[in-house]
Amino acid sequence: MTPRLTADNLTLIRGERCLFEGLGFALNSGEMLLLEGRNGCGKTSLMRAIAGMLSLETGQIFWNDVPVLKQRQTFHGALVWLAHRTGLKGDLNMVENLQFEKSLRPQSDRDPQEVFERLGIERLRRLPLRSLSAGQQRRVALARMLLADVPLWLMDEPFTNLDREGRRLVMQLVEEHLAAGGMCVMAAHQDVEINAPVTKIRMQ
Amino acid sequence: MNEPVAQQPGIFSGLWATARRDLLLAWKRPGDVLNPLFFFAMVCTLFPLAVGPSAAQLEFSGPGVLWVAALLATLLSLNSLFLGDFEDGSLDQLLVSPQPLPVLALGKTLAHWLTSGLPLVLVSPVLAMTYRMPWSVVPVMMLTLVLGTISLSLLGSIGAALTVGLHRGTALLSLLILPLAMPVLLLGANTVSLAAGNDIYTTGIWALGAYAVASLSLAPYATAAALRISNE
């Protein structure tokens, strides 16, 4: 069975503001969902709702046609989340950080060495992350994502702190992931050029 | 990638991984571990200086002072239990991990006990000497502290999880935890006093043990629920 992420009639109210109402989408294997909109329009909130961390006013999110909240562990085993804050420990080095992740999620059979070389971080292995630049830390977070064996990538502003070459690399990685049958939900305010079926949601 | 059954790591791997990571972090920043320990040692050594060296008075107040200091030192260390993870986004990563959240919370609590509760227990015999505690009572005191600090770490993790999103949540955390921690303090201090007075003290040990087991079986679930709520 190919994986499938769908949502129906999502409404989220934070405080007095309605961030989105009656929002729905369907995302199949090999497709990407792009969330666009200005700062503070609810992209991250929608992302958190998809990850099952926010409760919605109305609507539900389905993974393979089963509500996400009824199979939280299965769903979380099928995704990685590249959040705005990397979730990596500054006091630990790259290897120690990735080691932790390895104990939580199924890992792909990619060779870690190749992944590090491709991201240009192979020489930073032994350094504590706090001594790395913000862009390098983001590359380590990308390595964590590449090493996990999951179909769904949730990427919240993946281009933050990356140089031009890094941005191109991210788009390339997403393209490869989609070509291999994966899926991706991305929130971005830059232009994203990806050669794959993209559904855009423009948030107000 | 489309294989339906990917090899999921077992639940114990999540428990050990969180505990191991927190121990590694504590190793790299020993200050966080030593602060509560210094606090404990300072309260216990300053008290005899302030009330005077009368043997009878020290023997009488020793168990109480040691226990109050242990309770406050534990409360002091609890605030940082989830704070670091909250600030760098690791907490979000734990919440979206495929491992059961109560198990991960238990892993963190285990590391917290090993770096805060256990050191208190280990230095307590030295401090007990200041209060002229008989050597026969010292093992009893250590046992009450072991059982008591386990309960305090577990119960405290609920409070720490509830207050993690709040700035300066320490006062609130203490208020939330104190009612649950009171039985531990009363049982602990009185058991040691009874043992010092050559009275029967085993009931207290059993009760502390029961409290620790009850905390162990309930607190991880409450902590997990609290983490989800405070991260909405």
Just counting partner chain Cβ atoms within 10 Å, what average do the residues of peptide A:86-95 show around their Cβ? 4
Can you put A:Lys43, A:Lys200, B:Lys108 in order of Cβ neighbours within 10 angstrom, beginning with the fewest? A:Lys200, A:Lys43, B:Lys108
I need B:Ile229, A:Ile61 ordered by Cβ neighbour count within 10 Å, fewest first. B:Ile229, A:Ile61
Once the Cα gyration tensor of the range A:43-109 is diagonalised, semi-axes √(5λ) in Å: 27, 16, 8
Cα-based Rg (one decimal) and Dmax (whole number) for the protein assembly as shown, in Å? 25.3, 83
Using the membrane-span-like helix rule (whole DSSP H runs, Cα extent along the own axis of at least 27 Å, mean Kyte-Doolittle hydropathy at least 0.5), which helices of chain B qualify? B:30-51, B:55-78, B:138-162, B:170-196, B:202-230
A student applying the Cα gyration tensor rule (rounded when a/c is under 1.5; otherwise prolate if a/b is larger than b/c, oblate if not) would label the range B:172-219 oblate
Chain A: relative contact order in percent, alpha carbon pairs under 8 Å with at least 6 residues between: 32
CD proxy at 222 nm, helix term only [per DSSP H run n ≥ 4: -39500 (n - 2.57); per residue of the protein assembly as shown; nearest 500]: -18000 deg cm²/dmol
The range A:169-204 to the range A:86-102: how many Å between their Cα centroids? 26
Just add up the charged neighbours of A:Asp65: K/R +1, D/E -1, any other residue whose Cβ is under 12 Å from the Cβ of A:Asp65. +1
Over chain B, relative contact order from alpha-carbon pairs under 8 Å, at least 6 apart, %: 26
Would you work out if chain A is rounded, prolate or oblate? Take a ≥ b ≥ c from the square roots of the eigenvalues of the alpha-carbon gyration tensor; rounded if a/c is under 1.5, else prolate when a/b is larger than b/c, oblate otherwise. prolate
So, over other residues within a Cβ distance under 12 Å of A:Leu56, counting Lys, Arg +1 and Asp, Glu -1, the net charge is -2
Fraction of antiparallel bridges per DSSP, the protein assembly as shown only, in percent to nearest 5: 50
Once the mean of 1/r over all distinct C-alpha pairs in the range B:11-230 is inverted, the Kirkwood radius in Å reads 17.8
Net charge contributed by nearby residues that have their C-beta within less than 14 Å of A:Leu173 (K/R +1, D/E -1): +1
Please get the size of the charge dipole for chain B, origin at its Cα centre, with Cβ charges of +1 on Lys and Arg and -1 on Asp and Glu, quoted in debye to the nearest 20. 260
How are the Cα pair distances of the range A:121-192 distributed, in percent, across 5 Å bins from 0? 3, 14, 26, 25, 17, 10, 3, 0
What are the principal axis extents of the Cα atoms in the range B:150-192, in Å, biggest first? 37, 16, 11
Against the longest alpha carbon principal axis of chain A, how many degrees, from 0 to 90 and to the nearest 10, is the axis of helix A:134-147 turned? 80
Straight-line reach only, C-alpha to C-alpha below 12 angstrom: list the aspartates and glutamates that B:Lys108 could link to, leaving out same-chain residues fewer than 8 apart. B:Asp22, B:Asp85
Would you order A:Thr199, A:Thr44 from fewest to most other beta-carbon atoms within 10 Å of each residue's own beta-carbon? A:Thr199, A:Thr44
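Each value in this text was obtained by applying a stated rule to the coordinates, not by laboratory testing. Computed from a prediction, not measured in an experiment: that's the story for all the values here. Positions of Cβ are backbone-derived with ideal geometry, glycine not excepted, and every protein chain shown enters the neighbour counts.
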